[in-house]
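These notes are about the structure you will find just below.
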């Protein structure tokens, strides 16, 4: 049976070249890609993975090769990187607002087969319509609707009116609606992923039907993140799902019962640089390496630390906790009062939230065909 | 009187080119540089600023031109960037552990006038000694001692023994001791900066004296961050201080009474992309733009949000709060139930912690001589 690079490193048959770093086991990632693709395709649903997790054209191409319809990005700068990496069908699932951004999006549209933009306000849609007209282009757009996350997305009571107004604007072709219904991050968690997914799909399907009865040709109904995506697809009520994190997995997903620890395709490695006392030790990575965007002690999911240390047996170390950090210092404490760590030792850790962990690395180490090679995270830090 | 770029932007006489972004008012930064330099120099103390805040050789050169002795970095990869940018005297104030790192440090030493490395364990020092010997070099090193932060740094009871062991190693030249005594971040805040600074200086001075009586020629006693640096210098008990954040300032420093709002040389700008309801609006930056390393509701300093929105009058907006984020979404809520924001509006915000905010930007916009120009954050994401 194939061994993961994490196992080989534990057995000293492979070595981490520098720390702190992220290592990806490509075979595990490919397995995750294929499992999601096959399951979603079996429902007659399209898969348009969000690249926010890997931020690397290489992995987007793997997702497309497995059968993905296209990809999803959050920012035009991410989409530009993906297009340069050979991706031809891109949905920027974020309200396209701001002249500088619209200009870049219109330029990008000329270079790819299909670019889908997002709107959630009349002001935003009107500005996009004007700029598209000036550029002699027509933009395919989708309307973002809010299904409970209370971030971007028009609220449900205003969908019909706004969709009608957008459809009436020149140079825009309103072809779909989309949503993101968070399970966890917005203070309104649902313990039952399946029930949440069914609700998400029914809301979206109902809105699409309602829009169609008003004469709006809504062809695409897009929903579903990693926790809900497959269940959303299984309802048969949507045409597309957009999970992202499934490719690598992280500790948060295991807490949401969406991934087994064996499915997690990434590890953080960090070196013990200091052991001043028996009860604590310091890693060479702090807040610049281990993201703090998932607060530790906030229900519903509680985490023992900002990353999960893994022991020599491949299982979470029940003694060590990473609960205090500065930029370059990760302070590991021992529940039993003795870390047992020595200076120079390299620790394996599972990230709590892989997307923000990858965003902090200029490059990751990718293990494939027995070789660890460095791969730049080309779309990291793309904020525009 | 000179206007800051922030005032010019408020008055529509300058414009932000893209969002989310960071803008630096260079004149304010220069004022901060000179004020600290003059005050520290007046005490007969050397200033070795930590570049973790700006991460840009240009600002390091301004600090050196103002009279700084050299600079401080945390990582060898940061030091490499600064050396390439013309800096010749660098202290890497972080235990030099790991063969890959030691190798790079020794290579760097050949290229600069003075490189000072740090040790805090016999294992680390012995490995450095061996590698230096193999490279035919002698390394100037300082011993990090813990004065209460409980992160890196040998604990006080072990200083004498360890310093003696390190001094006995070949190819190492132990010339100093250093410490970082946090005021805020470690759960042991001190409300009186001056008292904390005096304690820090007395501890370090006492240890240095003790080491000298054992025949160890400790020439450099280095301490002091931005909150304590100047007070530490004024004791006359140390030879060098290493503040970092003072160059730009942030909201945390104002809470520590170490900077006035007018001294803060940076702003974050973000665009409102969505206003789905009167009581909330969404900014085009989330956790990839606004760091979360300062938890909001943790004593002693409480923050109203992950950044402080500034109103048209240049004062903190008492109504708007940024308390909920995803990677690309910053959700602003209104205390009075009405944000009053419109789609496309650009908001000015003060960062809570500027160092981690700068680390997330590939480049910042620097305002100098009436022009806003883009400057890469060359040492961002340098983790090794």
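Some points to look at:
- Flag for residue A:175 being away from chain B (no Cβ under 14 Å), farther than 24 Å from residue A:202 by Cβ and surrounded by fewer than 17 Cβ atoms within 10 Å (Cβ to Cβ): no
- Taken over the stretch B:268-303, the criterion of being touching a strand residue (DSSP E or B) at 6+ places or on another chain (Cβ under 7 Å), closer than 23 Å to residue B:24 by Cα and more than 9 Å from every other protein chain (Cβ to nearest Cβ) is satisfied by B:268, B:269, B:270, B:283, B:290.
- Residue within the stretch A:27-38 that is in the same structural domain as residue A:233 (by TED's automatic domain parsing), more than 14 Å from the chain's Cα centre (by Cα) and either surrounded by fewer than 19 Cβ atoms within 10 Å (Cβ to Cβ) or part of a helix (DSSP H, G or I) (or both) present: no
- Within the stretch A:308-344, the set of residues being closer than 24 Å to residue B:383 by Cβ, within 14 Å of chain B (Cβ to nearest Cβ), touching a strand residue (DSSP E or B) at 6+ places or on another chain (Cβ under 9 Å) and buried (at least 17 other Cβ atoms within 10 Å of the Cβ) comprises A:322, A:324, A:325, A:328, A:329, A:330, A:331, A:332, A:333, A:339, A:341, A:343.
- The single residue among A:53, A:19 that is in contact with a helix residue (DSSP H, G or I) (Cβ under 6 Å, 6 or more places away or on another chain), crowded, with 21+ Cβ neighbours inside 10 Å and within 30 Å of residue A:272 (Cβ to Cβ) turns out to be A:53.
- Looking across the stretch B:76-86, the residues that are within 12 Å of chain A (Cβ to nearest Cβ) and crowded, with 24+ Cβ neighbours inside 10 Å come down to B:76, B:78.
- Where residue B:263 falls short, out of the listed (1) under 18 Å from the mean Cα position of the chain (by Cα); (2) farther than 30 Å from residue A:143 by Cα; (3) within 14 Å of chain A (Cβ to nearest Cβ): (3)
- Checklist (1) buried (at least 24 other Cβ atoms within 10 Å of the Cβ); (2) within 14 Å of chain A (Cβ to nearest Cβ); (3) out of contact with any strand residue (DSSP E or B) (no Cβ under 6 Å at 6 or more places or on another chain) applied to residue B:73, failing item: (3)
- The test for being modelled with pLDDT of 95 or more and in a loop (DSSP other than H, G, I, E, B) does not hold for residue A:203.
- One residue stands out among those in the stretch B:95-115 that are within 18 Å of residue B:144 (Cβ to Cβ) and within 14 Å of chain A (Cβ to nearest Cβ): the one that is surrounded by the fewest Cβ atoms within 10 Å (Cβ to Cβ), which is B:102.
- Being at negative phi and free of Cβ contacts under 8 Å to residues at least 24 places away in the same chain is true of residue B:302.
- The condition (being more than 10 Å from chain A (Cβ to nearest Cβ), farther than 30 Å from residue B:197 by Cβ and surrounded by 23 or more Cβ atoms within 10 Å (Cβ to Cβ)) is satisfied by just one residue among B:128, B:143: B:128.
- Filtering B:120, B:89 for residues that are within 14 Å of another protein chain (Cβ to nearest Cβ) and out of contact with any helix residue (DSSP H, G or I) (no Cβ under 7 Å at 6 or more places or on another chain) leaves a single hit, B:120.
- Restricting attention to the stretch B:178-200, the residues that are buried (at least 16 other Cβ atoms within 10 Å of the Cβ), at pLDDT 60 or above and either more than 22 Å from residue B:220 (Cα to Cα) or outside the structural domain of residue B:48 (by TED's automatic domain parsing) (or both) add up to 2.
- Residues within the stretch A:2-26 that are at negative phi and either within 10 Å of chain B (Cβ to nearest Cβ) or not in a helix (DSSP H, G or I) (or both), tallied: 17
- Matching residues in the stretch A:359-373 - criterion: being closer than 21 Å to residue A:307 by Cβ and either at pLDDT below 95 or away from chain B (no Cβ under 11 Å) (or both): A:364, A:365, A:366, A:367, A:372
So that you can scan it fast, the table gives a plain yes or no per residue for (1) closer than 22 Å to residue B:132 by Cα; (2) without any contact (Cβ under 8 Å) to a residue 60 or more places away in the chain:
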| position | (1), (2) |
| --- | --- |
| B:10 | no, no |
| B:14 | no, no |
| B:30 | no, yes |
| B:34 | no, yes |
| B:40 | no, no |
| B:94 | yes, yes |
| B:100 | yes, no |
| B:106 | yes, yes |
| B:116 | yes, no |
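The values are calculated or read from the model by the stated rules, or taken from the named source; none is laboratory data. Not measured: the values here are computed from a predicted model. Counting neighbours? That spans all protein chains shown, and the Cβs are built from the backbone with ideal geometry, glycine included.
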